[in-house]
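These notes are about the structure you will find just below.
The values are calculated or read from the model by the stated rules, or taken from the named source; none is laboratory data. Computed from a predicted structure; not experimentally measured. Here the Cβ is made from the backbone with ideal geometry for all residues, glycine too, and neighbour counts use every protein chain on show.
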Amino acid sequence: MSRRQELFALAKKSLVALINLLLGLETEVSELRRQVKELTDRLGRNSRNSNKPPSTDGLEKPPPKSLRQRTGRKPGGQPGHPGRTLEQVAQPDHTRTHKLGSCPCGACQGRSLRGEPLIDYEKRQVFELPPKLLVVTEHQAEIKRCPVSGRLVCASFPDNVQAPAQYGPRFKGVQSYLNTEHFLPFDRLSRLVEDIFGQPLSEATVVAANQRIHGHLTPFEQDLAERLVREALLHVDESGLRVAGKLHWLHVASTDRLTFYGVHPKRGTEAMNFFNIIPRAEGWLIHDHFKPYLTYTECVHAFCNEHHLRELKFQWEENGEAWAQELSQFLLHHKQRREKEGLPSERHFQNILANYHAILAKGRRKHPRRQGRQAQSKAANLLDRLEDYDHCVLAFLIDLKVPFTNNQGEQDIRMIKIRQKISGGFRTLHGARVFARIRSYISTCRKQGRNILEALERAYLGNPFMPAAPANGP
């Protein structure tokens, strides 16, 4: 080989190495750009443009940017709103009459009115706590001597009077109510009882009351599960909570009249099968597109569009995705149109569906679907879901029963975050399940207009309120 050929071969080899190096650098730079973009997107996400909870926003809260559109209505209560104000009762507990001795009109120089006939009363009522909130009833059982055997015998006490000194069922219900509904920890609940009622309260007393109510609510929970299965529309959600120092999950299945809570170590299908409500549901299942829900095929799925609006908001505010803004406006427009005009006709729905996919196609040109196991951007993943489950997204235009969002389920599950902020986690899984069952009962009673304290007293005595039948079947 000549010298010239050797130099040419060496140059060729160096050029190939340089090209490979540049290709490698280009791949590395592309990957670094992807990572930087992912980290930048993560920093830009908050509770208003993603599914992150508000607790992750930190002290520097993002400026409010509501997804709601202007309605033109004035702030405050709207016409027809019933309002909530203190009103007089027909039968007061006590009546005090104020006599009119002399005339205050000023024209008669205070003439006496004692002999004048009574025409009417002007009434004003004052609502106040009684001076003594806790009433003590002493039960005395007679003791006599049998004239035949000569033995002393004693009358029987009522079944719920078992100790020399004890709290009654209504007061036990109040303890459970304050602990379960208002999340008062045992020490604070003990101080409240001593400060207001003037009596001591131990943690064991509250625990025993909760345990008894929990046991008596077993038939209620069984009946509740059967009624939820027959509902035409079911909201479901889940949220993490700490139990014995480990992550567990609170699951909810609810309607506007029924609420079921259950605690399980798992979040997905293992927990859903354990509670056995979702696997048997045959109506609409409203959720936030958590994939395990989609494994159940007996029900009809509808997605929460509030989640979509937040994700779309992030894409067009942080990434400048015009299609995301257009789709957000599209969904809100048809939500308002349904509220005014009702459901579209089948032909109109097909036009809506075509326009929906036309908007998604604009995003697809920038974010094509990748094959295999290649990583995709958040925008591409969002487009996949919106395309693959188009009828789940637009379910609110298919059936009037289907809401635009899963607000019912999210509102019902939100209380567990408040509970953890106030009282922390649970010591045991059994304690968490006691809380969940009692909370299911309280929430259902409230939705059905029941007096909560009376309902808890009934549960303590073993005669719990049973939920009313659903208004409409699936």
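Taken over the range 400-432, the criterion of being in a helix (DSSP H, G or I), among the basic types (Lys, Arg) and either more than 17 Å from the chain's Cα centre (by Cα) or crowded, with 19+ Cβ neighbours inside 10 Å (or both) is satisfied by ARG419 alone. Would you confirm, using the coordinates I've provided, whether HIS216 is within 26 Å of ALA459 (Cβ to Cβ) and either hydroxyl-bearing (Ser, Thr, Tyr) or crowded, with 21+ Cβ neighbours inside 10 Å (or both)? It is false that HIS216 is within 26 Å of ALA459 (Cβ to Cβ) and either hydroxyl-bearing (Ser, Thr, Tyr) or crowded, with 21+ Cβ neighbours inside 10 Å (or both). Being of a type outside the set (A, V, I, L, M, F, W, C), closer than 25 Å to LYS421 by Cα and in contact with a helix residue (DSSP H, G or I) (Cβ under 6 Å, 6 or more places away or on another chain) is a property that SER202 lacks. Specify the residue that is modelled with the lowest pLDDT; the eligible residues are those in the range 7-33 that are under 54 Å from the mean Cα position of the chain (by Cα) and of a type in the set (Gly, Ala, Ser). The selected residue is SER30. Inspect all residues belonging to the range 114-125 and state whether any of them is in contact with a Phe, Trp or Tyr (Cβ under 8 Å, 6 or more places away or on another chain), part of a loop (DSSP other than H, G, I, E, B) and at pLDDT 90 or above. The answer is no; no qualifying residue exists. Condition test on ARG310, is it under 21 Å from GLN408 (Cα atoms), in contact with a Phe, Trp or Tyr (Cβ under 8 Å, 6 or more places away or on another chain) and not in a loop (DSSP other than H, G, I, E, B)? Taking the combined requirement at face value, the residue does not satisfy it. Any chance the range 161-169 includes a residue that's under 30 Å from GLN91 (Cα atoms) and not in a loop (DSSP other than H, G, I, E, B)? Within the range 161-169, one or more residues are under 30 Å from GLN91 (Cα atoms) and not in a loop (DSSP other than H, G, I, E, B).
Residue by residue, here is whether (1) out of contact with any strand residue (DSSP E or B) (no Cβ under 9 Å at 6 or more places or on another chain); (2) within 30 Å of ASP195 (Cβ to Cβ) holds:
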| position | (1), (2) |
| --- | --- |
| ARG84 | yes, yes |
| PRO92 | yes, yes |
| GLY110 | no, no |
| PRO117 | yes, no |
| TYR167 | yes, yes |
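Applying the condition of being within 27 Å of ARG96 (Cα to Cα) and either in contact with a Phe, Trp or Tyr (Cβ under 9 Å, 6 or more places away or on another chain) or among the hydroxyl-bearing types (Ser, Thr, Tyr) (or both) to the range 133-156 and asking which residue is surrounded by the most Cβ atoms within 10 Å (Cβ to Cβ) yields LEU134. Of the candidates GLU346, GLU306, GLU339, the single residue that is surrounded by fewer than 21 Cβ atoms within 10 Å (Cβ to Cβ), among the acidic types (Asp, Glu) and touching a residue at least 12 places away in the same chain (Cβ under 8 Å) is GLU306.
All conditions but one from (1) in a helix (DSSP H, G or I); (2) crowded, with 19+ Cβ neighbours inside 10 Å; (3) of a type outside the set (D, E, K, R) apply to LEU453; the one that does not is (2). Within the option set HIS333, HIS307, being more than 17 Å from the chain's Cα centre (by Cα) and over 29 Å from MET466 (Cβ atoms) holds for one residue only, HIS333.
When the range 208-237 is filtered for residues that are free of Cβ contacts under 8 Å to residues at least 60 places away in the same chain and touching a Phe, Trp or Tyr at 6+ places or on another chain (Cβ under 9 Å), the ones remaining, listed by number, are ALA225, LEU228. Closer than 19 Å to PRO185 by Cβ, part of a helix (DSSP H, G or I), modelled with pLDDT of 90 or more and charged (D, E, K, R) - does that describe any residue in the range 457-472? No, the range 457-472 contains no residue that is closer than 19 Å to PRO185 by Cβ, part of a helix (DSSP H, G or I), modelled with pLDDT of 90 or more and charged (D, E, K, R). Can you confirm whether THR444 is at negative phi, in a helix (DSSP H, G or I) and either β-branched (Val, Ile, Thr) or out of contact with any helix residue (DSSP H, G or I) (no Cβ under 9 Å at 6 or more places or on another chain) (or both)? Taking the combined requirement at face value, the residue satisfies it. Every condition in (1) farther than 27 Å from PRO130 by Cβ; (2) in contact with a helix residue (DSSP H, G or I) (Cβ under 8 Å, 6 or more places away or on another chain); (3) at pLDDT 95 or above is met by SER176 except one, and the failing one is (1). Only one of the listed residues (LEU134, LEU100) is under 37 Å from the mean Cα position of the chain (by Cα) and either among the β-branched types (Val, Ile, Thr) or part of a loop (DSSP other than H, G, I, E, B) (or both). That residue is LEU134.
Assuming GLU326 fulfils every condition listed in (1) part of a helix (DSSP H, G or I); (2) without any contact (Cβ under 8 Å) to a residue 24 or more places away in the chain apart from one, which condition is it? Failing condition for GLU326: (2).
Considering only residues that are among the acidic types (Asp, Glu) and not in a loop (DSSP other than H, G, I, E, B), look in the range 368-399 and name the one that is surrounded by the fewest Cβ atoms within 10 Å (Cβ to Cβ). Among those residues, the one meeting the criterion is ASP388. For GLY240, the conditions (1) without any contact (Cβ under 8 Å) to a residue 60 or more places away in the chain; (2) touching a helix residue (DSSP H, G or I) at 6+ places or on another chain (Cβ under 8 Å); (3) over 25 Å from THR297 (Cβ atoms) all hold with the exception of (2). The requirement of being closer than 21 Å to LYS291 by Cα, crowded, with 17+ Cβ neighbours inside 10 Å, within 18 Å of the chain's Cα centre (by Cα) and β-branched (Val, Ile, Thr) is not satisfied by THR444.
The set of residues in the range 104-129 being more than 60 Å from the chain's Cα centre (by Cα), of a type outside the set (A, V, I, L, M) and surrounded by 10 or more Cβ atoms within 10 Å (Cβ to Cβ) consists of CYS108, GLY110, ARG111, SER112, GLU116. If only residues of the range 245-291 that are modelled with pLDDT under 95 and on the phi > 0 side of the Ramachandran plot are counted, the one that is surrounded by the fewest Cβ atoms within 10 Å (Cβ to Cβ) is GLY245.
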